[in-house]
1. Condition (residue is closer than 30 Å to F150 by Cα and among the basic types (K, R)) applied to the stretch 196-205: is it met by at least one residue?
2. Has the stretch 282-301 got at least one residue that is among the hydrophobic types (A, V, I, L, M, F, W, C), in a loop (DSSP other than H, G, I, E, B) and modelled with pLDDT of 95 or more?
3. Need at least 1 residues that are crowded, with 18+ Cβ neighbours inside 10 Å and in contact (Cβ under 8 Å) with a residue 60 or more places away in the chain per element, so show me which helices (runs of 4 or more DSSP H) inside the stretch 138-202 make the cut, counting only ones lying wholly within it.
4. Any chance the stretch 123-137 includes a residue that's in a helix (DSSP H, G or I), touching a helix residue (DSSP H, G or I) at 6+ places or on another chain (Cβ under 9 Å), in contact (Cβ under 8 Å) with a residue 24 or more places away in the chain and surrounded by fewer than 17 Cβ atoms within 10 Å (Cβ to Cβ)?
5. Taking the stretch 39-71 only, how many residues are in contact with a strand residue (DSSP E or B) (Cβ under 9 Å, 6 or more places away or on another chain) and farther than 25 Å from R157 by Cα?
6. Can you tell me which condition P29 does not meet? The list is (1) within 19 Å of L139 (Cβ to Cβ); (2) surrounded by fewer than 21 Cβ atoms within 10 Å (Cβ to Cβ); (3) modelled with pLDDT under 95, and all the others hold.
7. Restricting to the stretch 52-82, name every residue that is under 21 Å from the mean Cα position of the chain (by Cα), within 22 Å of L139 (Cβ to Cβ) and surrounded by fewer than 17 Cβ atoms within 10 Å (Cβ to Cβ).
Amino acid sequence: MTKILILCDYFGQFPPWFFLYLESCRANPTIDWLIHTDNYPDLDLPPNVRLSVMSFPDYCSRASDILNVRFAPASPYNICNLRPMFGIVHATASRGYDLIGWGDIDVIYGQIRSIYTDEILTANVISSDPEICSGHLTLMRNEPWLCEAFYNLHDWRDRLEEPLPCEWADSLDESHLTALFSPDPLARAKAEYRSGSRAPNPKFYINNYFKEQWTTPFTPKRWRDGSEIHPETWFWRDGEITNVHDGSRRFLYLHIMNFKAKRWVNERLYGDAPTWDLLDQCVQFKVEELRRRKPGSRHVQIDRRGLHLMPST
């Protein structure tokens with residue numbers, strides 16, 4: 001079986017939904033997660049999730065020493081620029097894994113291997129977006145030429161040493177890496193123009209798997225049925241992600257970016273819609289209630305009013 005490690009470095013207080021993020025990791029026992037953080041939550045960690053606790057300055061100092069740069073951003077958000085170097089920065093932790101990758105914690109995973117099959121996992125780079133290297137989940141083979149692909153990114157040292165919070169258009173993980181890895185010629189050309197980076201050899205963008213996984217509702221993109229209307233109610237049922245719109249279809253994960261705040265929404269349809277940052281609390285039940293549930297009855301509904309524990313069946 002292909003061994004997978006997802007790196008998710010996060011500094012600051014974990015968000016209220018972090019317990020469900022962990023439970024969705026627990027439901028994928030054949031995949032490992034490693035989180036470098038300065039926060040140790042009072043939560044039951046799954047056996048496949050490890051925390052490496054350190055201060056953000058220590059984390060930055062370690063990355064700086066390994067890459068011989070001065071990585072000392074004002075905001076941990078700039079870790080987005082460090083992700084292309086994870087294979088080097090976290091080389092010891094990733095030793096022995098076939099695929100390594102990165103992801104965000106504003107996601108709730110479904111059954112990853114049910115969608116990313118053994119055949120798909122033979123690709124060199126795997127993205128949940130059809131055009132770009134997705135910041136919320138990208139995997140790549142743990143091979144030197146891919147771990148060192150960042151050397152081909154334009155001004156990567158300058159981007160790492162920039163202390164101000166990075167903008168998406170300048171991010172190394174999505175914008176710049178897309179110019180190397182996207183199998184779509186048009187998307188790759190746009191990224192080349194935007195970032196100044198370019199693949200030095202076709203091997204960087206062949207045998208890659210970039211496919212829309214319909215993870216992020218309320219964006220300007222049309223939904224998978226061609227409609228502008230996106231599903232507003234989602235469910236996590238013992239490790240499976242579904243919604244009210246798509247019947248029994250299972251999804252790779254739910255990216256809750258536009259539930260928690262307005263980041264990248266279809267303003268015409270959803271600009272006035274409420275988001276979790278306006279709620280007193282977004283988790284509408286006690287975490288212990290979910291913990292007490294037996295397998296097969298852990299059901300959570302996710303909508304604009306937050307997270308709700310569904311009746312056990």
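The values are calculated or read from the model by the stated rules, or taken from the named source; none is laboratory data. As the structure is a prediction and not an experimental result, all values here were calculated from the model. Glycine gets a Cβ as well: all are built from the backbone with ideal geometry, and neighbour counts include every protein chain shown.
1. Step one: filter the stretch 196-205 for residues closer than 30 Å to F150 by Cα, giving 196-205.
When the remaining residues are screened for being among the basic types (K, R), the result is 198, 203.
Yes: the stretch 196-205 contains one or more residues that are closer than 30 Å to F150 by Cα and among the basic types (K, R).
2. yes
3. Working: elements: 144-147, 156-161, 177-181, 185-195.
Output list reads 144-147, 156-161, 177-181.
4. Pass one, the stretch 123-137, residues in a helix (DSSP H, G or I): none.
No.
5. Total meeting the criteria: 11.
6. Here P29 clears every test but (3).
7. S52, Y77
Yes/no matrix, rows are residues, columns are (1) in contact with a helix residue (DSSP H, G or I) (Cβ under 7 Å, 6 or more places away or on another chain); (2) of a type in the set (K, R); (3) farther than 20 Å from H136 by Cβ; (4) not assigned by TED's automatic domain parsing to the domain that holds F251:
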| site | (1), (2), (3), (4) |
| --- | --- |
| S171 | yes, no, no, yes |
| P183 | no, no, no, yes |
| L186 | no, no, yes, yes |
| N201 | no, no, yes, yes |
| E228 | yes, no, yes, no |
| D238 | no, no, yes, no |
